[in-house]
Structures are given as C-alpha cells and as structure tokens.
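Structure, as structure tokens:
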Amino acid sequence: MTGIFQVFLDGLSLGASYALLALGLTMVFGVLGLVNFAYGDMIMWTAFLAASLWAWGLPLIVVVPLTIIGGTLLSLVVGEVVFRRVGTQNPLSLLLVSFGLSLVLVALAVQVFGELAFVFPSPEYLSRVVEVGGAQVSVLSLVDVGVAAAILAALFLLLNRSELGLMLRATAENVRTARLMGVRPKSMVRLSFAISGAIGGVIALLWFMKVGSLIPRSGLDITLKAFIALVIGGLGSTRGAVGGGFLLGFAEAGLATWLPAGWRGYQQALAFVVVVLLLLLRPQGIGGRVTDTSR
Amino acid sequence: MIRLQWRTDRLFGRSAFSLAVLSALLIGVVVLLAAVVLIFLTKGQKNQIILVFGINALLVVALQVFVGSTGIVSFGHMAFMAIGAYAAGIVSLPVAMKAALLPDLPGVLKTVELPMFPSLVVAGFAAAVVAGIIGPAIVRLTGPAAAVVTLGMLVIANQVLRGAKEFTRGTQTFSGVPKTTTFIWVFSTLVVGLGVAALFKWSSVGLKSRMVRDDPLAAETCGINVTVARLIPFVVSAALTGVAGGLWAHYITAFQANSFYVLQTVPIIAMLILGGAASITGAMLGAVIISTWAEITRLLEAGFSVGSLHLTAPKDLGSLSLGLALILFLPWRPQGITGPREVLLGLVRRARPTEIGGPVGEESPG
C-alpha cells in the first residue's frame, strides 16, 4: 500500500514539472501554431542566469523573481526577433526555425559557459526528506507540486475568468474573428510568449534544483519530456497539456518502481511507445480537438 | 532535341519520365565527376571529407524521398541509419572477431561473413523492414505532431540499440567492421540513390503520395489510400538511409548507438530544408552548400592568418551558423533554395503554328 502511495507522490512531483512544461509550450502553440523545439534551451539559458545570480551571492528571495523576469524577457525577445517574421500560418516552418534557434542557443551557451557541468545550487532545506503517510518525499518535490498547483490555478483564472484570457482564447480559436472583435493578435502572441517564458523561468529553477547540475546541452532532455507530455495531452489544449504532463509523470514513476531490473534502460523508450500507441488510437491526444495537424 | 531545363517538377509528354530519371542520374554523375576533380585538385588530402560528403548526400536524398513526397518532416531518420550500420556491421564482421565481440549472436548470424555488396543490401533491407513495421503508426500524423513522434522513434531506437547487447554490444563501441567503403562505392551508390529517388518521385505511387501531400482529403476522395501512399515513400526512404548507414559503418569501422542521435540529424535536415525538400535537385544542392560551408567553418575554427595576425573562429561556429541560416532563411523562403523546381532534361520540339499551346515539354506561362 505504501508502495502505491510512494509511486503516487513521485508521479505527482514529476508530473507537476511536466505539466508546467507542456503548459508553457501549449500557450504559444495555441496562439501562434509554434511547437517550440528551443523551449528546453531557453530554459537552459534561464537556468544559467539563475546559477550566475546565485554565484554572485544574491539571496534566494531575489534570485527567484529575477530568474522569472529573465525567462519572460528572453521569451519575449525570442518571440519578437525570431518567430514573428515567420507568420502564424506555417507550423512546419515555425518548428524548423525553432530547431535553428535551438542550435544557436546551444552553440552560444557552449561559447559562454563552456562544456563543463555547472553546479546548480539549491538551499539545503529543500533537499531534506520528509515522511508523508509512510512515503519518503523531498521537500523540493512538495514545493514542485505546490508551485505547479498555484500556477495552474492562476492560469485557469486568467484564461477562464478574465477578459484578457477570453481574448487569448479567441485568438487561439480564430485569429481573423478575434481581430474583428477588436483583439490585437500581435499583443496576444506577445502575451503568450511572456506567460510561456515566465513558466519557463519557474521550471528552470525547479528542474535544475532537482537535477543539481547544468550543461549547455541540458535543454534537449527538457524539450523531449515537454514534447511527450504535449503530444499525449493533445496539441493546443491547456487541459490536455496538464493531463498529459501528469500522465507522463505517473507513468515514469510507475515504470521506475515496478519495471523488472533488466528493463530499466528502456524507460524513456517505453514512454514513447505508449505515446505512439495512444496516437494510433487518438491522433488528437487525450484532450485535443481534431485539427489539421491530426487526422 | 534534348535540352536542360530548370522548371517545376510536373512532367509532360511521353518520354518525360525516362528523361526525368536520366536527369537525376546526370546530377549524380556530375557530382561524381566534381568529386574526382576535387580529389585531384587537393592531391588526395581531402579524400575523407569528400567521402563523408557522399554519404551525407545519400542521406539527404533518402530523406527527400520521404519528406518531398509526403510533406512530413522526419526528425528520426537517423534511426534507420543506425539500423543499417549495425545490420551491415553484424553480417560482415569477421567470424573470428564475432566470437570475441558478439559471443551471444543467435544462429546463422554467428557464422556469416558477407562481402560489401550483400552487406549493404542487408543494411537497406533491415531498415526497410523496421520502417514497414512502425510506419503505419508514424504516417498517420502530419505537421508538428509527426515531428515529435519521429523524434520519439529516434529515442526508442537509441535505447533499444543500447539495450540489445547481444547484437550491438550495448553502450560499448561496435568495432572491427571491415573498412571496405571506397570512393567508387559511395558515389556509385549515390548515383543509384538519385535514380531511385527520381524513379519513385515520378512513378504512379510517387504521384499519388504527392497528391496526398497537397490535399489528403481530395486524394482520399479519388480512392487513394492515404496511409499506403505515405507508407511506401517512408519504406523506400528508410531503405536508402539504411544503405547509407551501411556505407558509413564500412567507412568508420567503429561506432556506438550515440553516433546516431539528435545531434547527427541536424545537418541532414538543414541540408534538405535549405536546399528544397520538394526537389531532388534541391536536396543535392543543400548537401553541397552546407557540406562546403561546414568544411570552411572547420578550417576557420582551426585558425587562419590574415597578414601577420592569427585568428581563430569561435568553437561551434558550424552549428551556430547553421542555426542562424535556418532562422534567417526560412521566413524568407520556406520552400528552400529550389522550391519545387528541378533540373530536368526536356524533349523540346520546334513549335508548329498548327499546334495548340506551346511546344511539348515547356511550361505554359502563368
């Protein structure tokens, strides 16, 4: 019984990060049609910012907001400089441009920070382990879940209970109609990049505090995880993204615990096999609508 | 009279099909001759680079078969290269070394030791079989979702290859493959590959898959099976990629599962996209341009002298410039340099005044 509860908690904490990742991606996908291959690399840069601020000796209370602001700014700049010129109606070009951006970000990071691993510091009390209902959990995992819940609630309120959210959703639904209703798609694209970047800033902190070290190529792993969660959930659906993230989290936690030792190496492969099977049954994902990207 | 033309890839006239295939072969022969000239000019100092270019060009042409005729960008073709490389390695490894390196190989594999040609055939066949099995799942998706799933295919292949210790030595280096890849092997395979790509492109199956690419709904209404029309180019493309993998295995002789991963996919995709995914000419052009540029950046990174000044370009200049090229070029020309145009041999007849429309083999304006 405690075994199941342990897996549940592990899955919840993993899933919280994945759900945030998928949310960050899906915000921009909804409005612009961009599946951002460089998202992980943008998070990697934000994490380097955080690590540098830390190395300067700034306290946590200052580092956290500065990192989130940094992530937001980076995302805004990238959106303006790189993606706006591509236009909204070409998802494939957008994807390939983000592919190019990923190359540039990694190459620049190697240039600036070198290939050696950076230690990503975290306060000592976060790595402490507490017992919850017979299961062992680190404080950081609980913080993960709490932060994810707070962000999800805030986003839900923003999207469903505010005029700004209505405008965002309208733009995601149909750009032309939204424009006729007096919504400026350009500002909505900016807003979605800002939200995506802010979420990226949060993930940069949570993810690398858990991993503990940082290299310029760390971004790829994050991107892959985000992609799986996104595809499970269905492109363009916020609810699907959250569901996909948690599903992936629980699947990974379950596989890590119950998979026979000989199969351990195949964890990520199995996760992808599940995704492929799922897509065969439901090409639009669990929460997605049928769009022209799925048949 | 037969004349070289630069025009869209639609064919007119009776002999156009054979001429189109012939023109693809011609491109291959031109590249081959250029490579020979280059080898003489550089006095054999760049042989390795020219060989690798040939293999990369074959990979790009192979990828073009799928991307060009389905419009789906595959990020996972490196998986087929890996399968081809391992398959070629396993069947051609000397029996004595097999006993030492791969003692757990099952049955026949333990005792076979194939020469170059059958080994390449096995490489292509193995990749094609795998593609045929997983293809139906992959080709149901298009656009960004397909990109994600093909990337997943690569991750799965990578982990399976690392896990299948009996066949691949797991995470250890697979070594001892006979070094039999020569200039002639690479470039004659490239010419054949170009021929296959052209044969497929203008065959009835190829035309069907391009119709599905342009409008799946209309194609389905015409009785075309969408899945099959995408699956066949997937398998053909995988087979060619597998052969390229085999060539590479026989050239590099030692490799591991991580030699075929996301990082290695990048230049191949960039070559195809920048050159023009819809066109065989474009694929070759992209391969030539980016390979040349990669070599230039490599020289720059090694350092160069301007007068008395010794300068060294920053590390990673290659991937940095490749990324910048994608970012700057795609918004401006999403279809690549050539777009859907090809270099084609066309049969040009003198226009007779009685004939309605223009001479056969030429595009009517507009």
Length-normalised contact order of chain B in % [C-alpha pairs under 8 Å, at least 6 apart]: 32
Farthest toward positive dipole pole in segment A:58-163 [+1 Lys/Arg, -1 Asp/Glu at C-beta], among A:GLY70, A:SER93, A:LEU103: A:SER93
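Only helical DSSP H runs with n ≥ 4 go in: add -39500 (n - 2.57) per run for chain A, normalise by residue count and round the 222 nm mean residue ellipticity to 500 deg cm²/dmol.
So the calculated ellipticity at 222 nm is -24000 deg cm²/dmol.
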Relative contact order for chain A, counting Cα pairs under 8 Å that sit 6 or more residues apart, in percent: 36
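In terms of the Cα gyration tensor, with a ≥ b ≥ c the square roots of its eigenvalues, is segment B:133-251 rounded because a/c is under 1.5, prolate because a/b exceeds b/c, or oblate?
Oblate, since a/c reaches 1.5 and b/c is not below a/b.
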Candidates B:VAL30, B:VAL149, B:VAL61: whichever shows maximal mean-square fluctuation once chain B is modelled as a Gaussian network with Cα springs under 10 Å: B:VAL30
Segment B:180-326 shape via C-alpha gyration tensor axes, a/c threshold 1.5: prolate
At R0 = 22 Å, FRET efficiency that the Cβ-Cβ distance of B:LEU38 and A:GLN111 yields, to 0.05: 0.10
Full-extension gain in nm, B:ILE184 to B:ILE289, via 0.36 nm per residue minus C-alpha separation: 35.6 nm
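Starting with the fewest neighbours, write out B:THR180, B:THR227, A:THR238 ranked by other beta-carbon atoms found within 10 Å of each beta-carbon.
The order, fewest Cβ neighbours first, is B:THR227, B:THR180, A:THR238.
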Rounded FRET efficiency, nearest 0.05, which uses the C-beta distance separating A:LEU277 from A:ARG161 and R0 of 30 Å: 0.25
Low-density loop cleavage sites - trypsin sites (Lys or Arg not before Pro) in segment B:1-104, where at most 13 other Cβ are within 10 Å (DSSP): B:ARG10, B:ARG14, B:LYS43
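Taking 0.36 nm per residue of sequence separation and subtracting the Cα-Cα distance, how much length would be gained by fully extending the chain between A:ILE4 and A:ALA135, in nm to one decimal?
Once the chain is fully extended between A:ILE4 and A:ALA135, it gains 46.2 nm.
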Dipole of the protein assembly as shown, positive direction: furthest Cα of B:ALA131, A:VAL276, B:GLN159, with charges on the beta-carbon: B:ALA131
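Per DSSP H run of n ≥ 4, the term is -39500 (n - 2.57); total these for chain B, divide by its residue number, and report the mean residue ellipticity at 222 nm rounded to 500 deg cm²/dmol. All intermediate terms of the calculation are to be shown ahead of the outcome.
On the way: 14 runs with 237 residues, N = 366.
Dividing the helical sum by the residues of chain B leaves -21500 deg cm²/dmol.
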Cα gyration tensor shape of segment A:1-119, rounded if a/c is under 1.5, else prolate or oblate by comparing a/b with b/c: oblate
Segment A:51-93: chymotrypsin sites (Phe, Trp or Tyr not before Pro) in DSSP coil with no more than 15 other Cβ atoms inside 10 Å: A:TRP56
Ranking of A:ARG128, A:ARG169 by count of other Cβ atoms within 10 Å, fewest first: A:ARG128, A:ARG169
Within segment A:207-251, backbone nitrogen closer than 14 Å to the virtual label 7 Å beyond the Cα of A:VAL119 toward Cβ: A:212-214
Dipole-positive endmost among B:VAL236, B:SER259, B:LEU217 within segment B:152-274 (Cβ charges, Cα centre): B:SER259
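Let me have the relative contact order for segment B:1-152, percent, based on Cα pairs under 8 Å that are six or more residues apart.
Relative contact order for segment B:1-152 comes out at 24 percent.
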37 °C / 0.692 mPa s Stokes-Einstein diffusion coefficient of the protein assembly as shown, Kirkwood radius on C-alpha pairs, µm²/s: 124
Exposed GluC sites (Glu not before Pro) absent: longest stretch of chain B, with sites in DSSP loops and at most 16 other Cβ within 10 Å deemed exposed: B:114-354
Estimated distance in nm for a label pair at B:GLN172 and A:ALA256, the labels positioned 7 Å out from Cα along Cα-to-Cβ: 3.0
Simple Cβ-charge dipole of segment B:82-197, Lys/Arg +1 and Asp/Glu -1, about Cα centre, in debye nearest 20: 140
Dipole magnitude (debye, nearest 20) for the protein assembly as shown, charges at Cβ of Lys, Arg, Asp, Glu: 1280
Size of charge dipole - segment B:142-239 - debye, nearest 20, with Cβ of Lys, Arg +1 and Asp, Glu -1, no other charges: 300
FRET efficiency, 1/(1 + (r/R0)^6) with R0 35 Å, evaluated for A:ARG169 and A:ARG84 via beta carbons: 0.95
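Bear in mind these aren't lab numbers, they're just calculated from the coordinates by the rules spelled out. Bear in mind that the values here come from a model prediction, so they are computed numbers and not experimental data. Counting neighbours? That spans all protein chains shown, and the Cβs are built from the backbone with ideal geometry, glycine included.
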